[in-house]
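Notes to accompany the following structure.
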Amino acid sequence: MKTNRYLPIAGGLLLSLAGHAQTKLVTGAQKPMPAAEWIDADTGHKVVRLTQQDGDNASFYFHNNPFVKGKGNEDLMVIYHTDDRGHQLRLLNLKTRQTEPLTRYFKQVKGEIVGRKRREVFYQVQDTVYATSVDSKKTRRVFVFPADFKADITSLNADETQLGGALGSDAEKEIYRQYPAKSDFFNRIYEAKLPRTLFTVSTDGKGRVDKLFTDNAWLNHVQFSPTDPDLLMFCHEGPWHKVDRIWHINTKTKAVKLVHKRTVDGEIAGHEFFSPDGKTIWFDMQKPRSVTFYLGGTDVKTGQERAYQMDRNDWSIHFNISPDQKLFAGDGGDAGQVAKAPDGMWINLFRPEGDKFLTERLVNMKAHGYKLEPNVHFTPDGKWIVFRANFEGSEQVYAVEVEKKAS
């Protein structure tokens, strides 16, 4: 078997001795690309494939932290691997690009959550929640949902004592069963106004469940604050121009608060996420829908809002923020998305300037099929942006360097 040799470079990822990283190539022009590293010919930024093409490999949803420190203080990243045996969680070493199995194979697995303090990865298989140690790979059973409480976990609180999620009704599950395509079930579930319940489950394995809040609304997108263990954000799912979407609840007092109130007809706000310090909730905002584009942010304590405007072609399905909170990134979108952007298929870097974003294009995504959402993440050192893509023909995990090196 032919192997590549690597040398460490600044930023934690690696550069091959063969010099392929200095080759300018059109991203996705060849399937597969001739090397695992190249300079994007359209942007000048270095792109690295982090995963081996031994099946499909996927990074996490944009607001789910995938990173944890290794024993040598290197950055590890939890990813999904899929092949003909099923699905498996793996650990990817960002320094060596080596992967190792974290879990056994499952037919289905969901709810991926990394507990950096506990050094465990939480996930759900059918009705059972498990936690696997990053170090020992030992797995423990955290919780089994009873027959009358079939729900999903989606988030872990800041002190890693509670998992959060939402419980849907049997009537809602029947809509999913009859209409499995999102285009068919989405409006039906919203219009049904069925009850949903926010809940927490203890992580100690003792099976404590606390029902927090029930509403005849599609409660979804449940996320704990990264710094306040008692603050849980959620949304009223549905057509964004019809809902005041973003809310949070104090898990101790049960106090519920609207984060952003729409102010013009047709305004939308969504794909919300916390800043790393937990002080701001950021969200895609359009005033009105498909016309004027912003990334909005609401101060969690004061409710004060700010917004950065961007061009149509710079809009992204998902946004994210760097660890130092100075930069933002977006995963772009094709012409069929809400922005209807004629030239929006890029991984983008955003620098705030006044009330606008200055945009730098990082990766040409025109060979990528956007039914797979790229879901950008900054690496813990802030020097790379990780995303998933299928422009080589299979789903793999990539990173693009933020800083453009002189050629």
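Some points to look at:
- Of note, Thr197 satisfies the criterion of being within 21 Å of Asp244 (Cα to Cα) and either free of Cβ contacts under 8 Å to residues at least 12 places away in the same chain or of a type outside the set (Gly, Ala, Ser) (or both).
- Considered as a group, the residues in region 187-214 that are open to solvent by 40 Å² or more (accessible area, probe 1.4 Å) and within 22 Å of Lys371 (Cα to Cα) include one that is farthest from the chain's Cα centre (by Cα), and that residue is Arg188.
- Positions within region 362-387 being under 20 Å from the mean Cα position of the chain (by Cα) and open to solvent by 40 Å² or more (accessible area, probe 1.4 Å), in sequence order: Lys371, Glu373, Pro380, Asp381, Lys383
- Residue list for region 388-407, restricted to those being surrounded by 22 or more Cβ atoms within 10 Å (Cβ to Cβ), of a type outside the set (A, V, I, L, M, F, W, C) and in contact with an Asp or Glu (Cβ under 8 Å, 6 or more places away or on another chain): Arg388, Gln396
- Of all residues in region 157-185, those satisfying the criterion of being in contact with a strand residue (DSSP E or B) (Cβ under 8 Å, 6 or more places away or on another chain) and open to solvent by 20 Å² or more (accessible area, probe 1.4 Å) are Thr161, Gln162, Leu167, Ser169.
- Positions within region 231-256 being part of a strand (DSSP E or B), within 19 Å of Gln162 (Cβ to Cβ), without any contact (Cβ under 8 Å) to a residue 40 or more places away in the chain and not hydrophobic (A, V, I, L, M, F, W, C), in sequence order: Asn250
- Any hit, region 326-336, residues being part of a strand (DSSP E or B) and more than 18 Å from Met285 (Cβ to Cβ): no
- Residue pairs meeting the criteria (Cβ under 6 Å; at least 6 apart or on separate chains; first touching a residue at least 24 places away in the same chain (Cβ under 8 Å), in region 160-183; second among the acidic types (Asp, Glu) and surrounded by 10 or more Cβ atoms within 10 Å (Cβ to Cβ)): Gly165/Asp152
- Number of the exception - Arg85 against (1) open to solvent by 80 Å² or more (accessible area, probe 1.4 Å); (2) under 22 Å from the mean Cα position of the chain (by Cα); (3) not polar (S, T, N, Q): (2)
- For region 345-360, filtered to residues that are more than 20 Å from the chain's Cα centre (by Cα) and in a strand (DSSP E or B), the residue that is surrounded by the most Cβ atoms within 10 Å (Cβ to Cβ) is Phe357.
- Odd one out for Lys138, checked against (1) of a type in the set (D, E, K, R); (2) more than 17 Å from Thr197 (Cα to Cα); (3) at pLDDT below 95: (3)
- Taking first residues from region 94-119 that are more than 22 Å from Ser155 (Cα to Cα) and partners that are surrounded by 15 or more Cβ atoms within 10 Å (Cβ to Cβ) and among the basic types (Lys, Arg), the Cβ contacts under 6 Å between residues at least 6 apart in sequence or on separate chains come to Thr99/Arg90; Pro101/Arg90.
- Just so you know, in region 31-67 the residues that are free of Cβ contacts under 8 Å to residues at least 24 places away in the same chain and not in a strand (DSSP E or B) include one that is surrounded by the most Cβ atoms within 10 Å (Cβ to Cβ), and it is Ala35.
- Restricted to strands (runs of 3 or more DSSP E) entirely inside region 73-181, those with at least 3 residues that are farther than 26 Å from Trp218 by Cα are 75-83, 86-93, 99-101, 128-133, 139-144.
- Inter-residue pairs, beta-carbon under 8 Å, first under 10 Å from Lys287 (Cβ atoms) and in region 264-275, second among the aromatic types (Phe, Trp, Tyr), 6+ apart: Ile268/Trp240; Ala269/Trp240; Ala269/Phe283
- Residues that are open to solvent by 20 Å² or more (accessible area, probe 1.4 Å) and among the aliphatic types (A, V, I, L, M) were ranked within region 335-344; the one that is nearest to Leu50 (Cα to Cα) is Ala335.
- Here Trp218 qualifies as in contact with a His (Cβ under 7 Å, 6 or more places away or on another chain), aromatic (Phe, Trp, Tyr) and farther than 26 Å from Asp159 by Cα.
Residue by residue, here is whether (1) surrounded by 14 or more Cβ atoms within 10 Å (Cβ to Cβ); (2) over 20 Å from Phe328 (Cα atoms); (3) among the β-branched types (Val, Ile, Thr) holds:
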{"residue": "His248", "(1), (2), (3)": "yes, yes, no"}
{"residue": "Thr251", "(1), (2), (3)": "yes, yes, yes"}
{"residue": "Gly270", "(1), (2), (3)": "yes, no, no"}
{"residue": "Gly278", "(1), (2), (3)": "yes, no, no"}
{"residue": "Gln286", "(1), (2), (3)": "yes, no, no"}
{"residue": "Arg289", "(1), (2), (3)": "yes, yes, no"}
{"residue": "Thr292", "(1), (2), (3)": "yes, no, yes"}
{"residue": "Lys301", "(1), (2), (3)": "no, yes, no"}
{"residue": "Glu305", "(1), (2), (3)": "yes, no, no"}
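The values are calculated or read from the model by the stated rules, or taken from the named source; none is laboratory data. These numbers come from a predicted model, not from an experiment. Methodologically, a virtual Cβ is constructed for each residue, glycine included, from the backbone with ideal geometry; neighbour enumeration extends over all protein chains shown. We work out accessible area using only protein heavy atoms, side chains counted, and drop any ligands, DNA or RNA first. Shrake-Rupley method; radii C 1.70, N 1.55, O 1.52, S 1.80 Å.
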